[in-house]
1. For region 111-165, give me each residue that is more than 23 Å from residue 42 (Cβ to Cβ), surrounded by 11 or more Cβ atoms within 10 Å (Cβ to Cβ) and free of Cβ contacts under 8 Å to residues at least 40 places away in the same chain.
2. Of everything in region 116-169, what is farther than 19 Å from residue 69 by Cβ and of a type in the set (D, E, K, R)? Give them in sequence order.
3. Please specify each residue of region 67-108 satisfying the condition of being in contact with a Pro (Cβ under 7 Å, 6 or more places away or on another chain) and either at pLDDT below 95 or not in a helix (DSSP H, G or I) (or both).
4. Residue 77 fails exactly one of the following numbered conditions: (1) over 22 Å from residue 39 (Cα atoms); (2) over 17 Å from the mean Cα position of the chain (by Cα); (3) not charged (D, E, K, R). What is the number of that condition?
5. Going through region 38-64 one residue at a time, which ones are outside any helix (DSSP H, G or I) and of a type outside the set (Val, Ile, Thr)?
Amino acid sequence: MTETPARAGATTNDERLARLKQRFPDSLSRHLRLVSDWTIRWIYDVVRARGHPGIRLVHEAVVVPLELSGTRLVDIARYNQVSKSAIGQLANELQTLGYVQRDADPDDARAKRLRFTDAGIRLMLDAMDAESILEEEIVALIGARKCSQFKQLVADLAAAISARQQEAP
C-alpha cells in the first residue's frame, strides 16, 4: 500500500502539538469553562449541603432557563439545543424531587409549562445564598477590587450577548 504524500504546506503532528501547547494556556474559552465549572460545582455543593441532596449538576439544564412564571419544555429544550425528551427526563427527575410541576399552558392547550414548586423556590433561594458565599470565596482568591471588576465585566458581557440574541431572527 502506498502512502499519500503530505500536502504542500501541511504541518506535522509535532508542529500542530507545538502550536497547541503555545496557545492552550491562554485559551479564553478554556478559562471561562474552568471558572464556570468551578462556580457551578461550588454552588451545587452548598445547595446539596443545605438540604437538597438529590439535586445534580445536570438539572441545571432545566432550572437555569426556567422562568418564575413557568416555561414550556420545548423552549427549555431549544435553549439547551437538545431534544424535548431529554429535557422531559430531567423535568421528571426534578418533579419527583418536588422542585417543579407541570401546569397547563394558558397559550396552548396541547402544551405544558414547567414551573417551580415551593420546594423549587427554596432551592433557588438556597442557590442565590450560595452565590453570595461564593462571592466571598472569590474575594478571598483575587481580592475585592478584582472581584467587583470581574462581576461588572461578566454582567456587561452577558448584557451584550443577550442584546445580540434579541436582534437575531
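1. 111, 117, listed by residue number.
2. The answer is 126, 129, 131, 135, 136, 137, 145, 146, 151, 156, 164, 167.
3. Within region 67-108, 71, 79 qualify.
4. (2)
5. Residues satisfying the conditions are 50, 51, 52, 53, 54, 56.
Quick grid of which residues meet (1) surrounded by 11 or more Cβ atoms within 10 Å (Cβ to Cβ); (2) out of contact with any strand residue (DSSP E or B) (no Cβ under 8 Å at 6 or more places or on another chain); (3) more than 24 Å from residue 118 (Cα to Cα):
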position	(1), (2), (3)
21	no, yes, yes
24	no, yes, yes
28	no, yes, yes
59	yes, yes, no
62	yes, no, no
78	yes, yes, yes
82	yes, yes, yes
87	yes, yes, no
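The values are calculated or read from the model by the stated rules, or taken from the named source; none is laboratory data. All of these numbers come straight from a predicted model, not from anything done at the bench. Glycine also receives a Cβ, built like all others from the backbone with ideal geometry; neighbour counts cover every protein chain displayed.
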